[in-house]
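Here's the structure we're looking at; comments come further down.
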Amino acid sequence: MRPVFVAGAAVHPFGKYRELSAAELGYRAVRDLVAQTGVPPERIDIGFGGSVYGGSLLAQRVLQRVGVSGQPVYTVENACASGASAVHLGWQAVAAGTADAAIVFGAENLSAFGGGTLPLTTADIEIDQGMVMPAAYAMRAQRYIHDFGATADDLTRVSMKNRRNGAANPRAHFQKEVTAEDVAQSRPVADPLHLLHCCPNSDGAAAALLCSKEVAQELSTPPVRMRASAVRSGRFHTSYRDMTWPDITERTARAAYDMAGLGPADLDLVELHDAFSIAELLHSEALGLADRGQAAKAVAAGEFDRNGRVAVSPSGGLLSRGHPVGASGTTQICEAYWQLTGQAGELQVPGAEVALTHVTGGGIFGVDNGACAVHILTTA
């Protein structure tokens, strides 16, 4: 396979945009990407758009508005990993040599649901019995607290760190720090989780240009190398389920590390799927950033701060930046791109050279998550 580069990124800020459809949000991100990179529409060989609730042919409706029309275009749905799965497919096309340039994007408008927990498919045993994502993560949190001696304060430290990071991110849904008291006084959601332990339902979009070295050299925007792209699905079983170990994350990360020839110790920053504060503890351990049961101590010691041992969610993560589900994975790529090209502004991780992005998606009967995507990017 040949090297793949990211040569541009654009994000429509996350927030509440009830008047804008997913297609409009996606168009605005892709429009900005094309303007920033200067890539001619005819130079794009293929396009992928990720979304969960954006409707049929979203990618086609977005890309034709910027002149990408007639090329192969695919709309991708893979739960919260939809945008990252679109990136993976774009990487495959460029790495295999079937395309020299691909536009990948993710877009979502969750305001259409009016608030509350997101609707999940009813064609599932657990969901038919009332399972929702806050309940699933609350059970994970309770088991983690029981098994490893953590406390609700450890969950709160994650929320405080990521909201502190997001306060400096102009693209974030929430741009305000929170205190431990703020978290404790926010309304209970599912014990031990309070509202500020949970990510918001957001609207937004993000787009990136993936290309060959030759195309990257034609553009004025700086490139970064995509060293690994891995997607895995959950392993089905009906036996005991360890709520404190996201096997899908460990397997996907291992595949990405092997592909890149790198390991956890090489990472400068990680954009992680912290849909709930407990998720940062669970997934950081599965990614190898901390020993099992020790992530809470790493957070408390500042090891995951922007200037710590490895910066975890320096953009604010889903807890602060927001979670327009189909766009989250693509946005992580954009945030990593800006970090590695020194364009992250107040969010900049000092000396950032290696970044990992991680997103999981969906809860279905018999698996811990339905999909997981991990990407590793390095300075070119």
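The values are calculated or read from the model by the stated rules, or taken from the named source; none is laboratory data. Remember, it's a predicted structure, so these values are computed and weren't measured experimentally. All Cβ positions, even for glycine, are placed from backbone atoms using ideal geometry, and neighbour counts span all protein chains on display. The accessibility values were calculated without ligands, DNA or RNA, using every heavy atom of the protein model including side chains. Shrake-Rupley method; radii C 1.70, N 1.55, O 1.52, S 1.80 Å.
Quick look at the values:
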read-out: Residues (touching a helix residue (DSSP H, G or I) at 6+ places or on another chain (Cβ under 9 Å), more than 29 Å from GLY342 (Cβ to Cβ), open to solvent by 10 Å² or more (accessible area, probe 1.4 Å) and of a type outside the set (A, V, I, L, M)) located in segment 201-245; value: ASN201, ARG232, SER233, GLY234, ARG235, ASP242, TRP245
read-out: Members of segment 50-78 found to be among the small types (Gly, Ala, Ser), farther than 14 Å from ASN109 by Cα and in contact with a Gly (Cβ under 6 Å, 6 or more places away or on another chain), listed by number; value: ALA59
read-out: Candidate set: segment 173-198, residues that are charged (D, E, K, R) and within 19 Å of GLY317 (Cβ to Cβ); chosen: the one most open to solvent (accessible area, probe 1.4 Å); value: LYS176
read-out: Residue list for segment 248-283, filter: of a type outside the set (D, E, K, R) and either surrounded by fewer than 18 Cβ atoms within 10 Å (Cβ to Cβ) or free of Cβ contacts under 8 Å to residues at least 12 places away in the same chain (or both); value: ALA255, MET259, GLY261, LEU262, GLY263, PRO264, ALA265
read-out: Subset of segment 353-377 (residues that are at pLDDT 95 or above and either open to solvent by 10 Å² or more (accessible area, probe 1.4 Å) or basic (Lys, Arg) (or both)); value: GLU353, VAL354
read-out: Near pairs, Cβ below 8 angstrom, 6+ apart or cross-chain, from segment 5-25 (over 16 Å from GLY326 (Cβ atoms) and in a strand (DSSP E or B)) to any residue that is open to solvent by less than 20 Å² (accessible area, probe 1.4 Å) and hydroxyl-bearing (Ser, Thr, Tyr); value: PHE5/SER212; VAL6/TYR337; ALA7/THR37; GLY8/THR37; GLY8/TYR337; ALA9/TYR337
read-out: Per-region count, segment 207-243, residues among the basic types (Lys, Arg) and either in a strand (DSSP E or B) or at positive phi (or both); value: 3
read-out: Selection status of SER315, of a type in the set (Ser, Thr, Tyr), buried (at least 24 other Cβ atoms within 10 Å of the Cβ), more than 17 Å from GLY8 (Cα to Cα) and under 12 Å from the mean Cα position of the chain (by Cα); value: yes
read-out: Failed criterion for TYR74 (all others in (1) within 21 Å of GLU24 (Cα to Cα); (2) modelled with pLDDT under 90; (3) open to solvent by 60 Å² or more (accessible area, probe 1.4 Å) hold); value: (2)
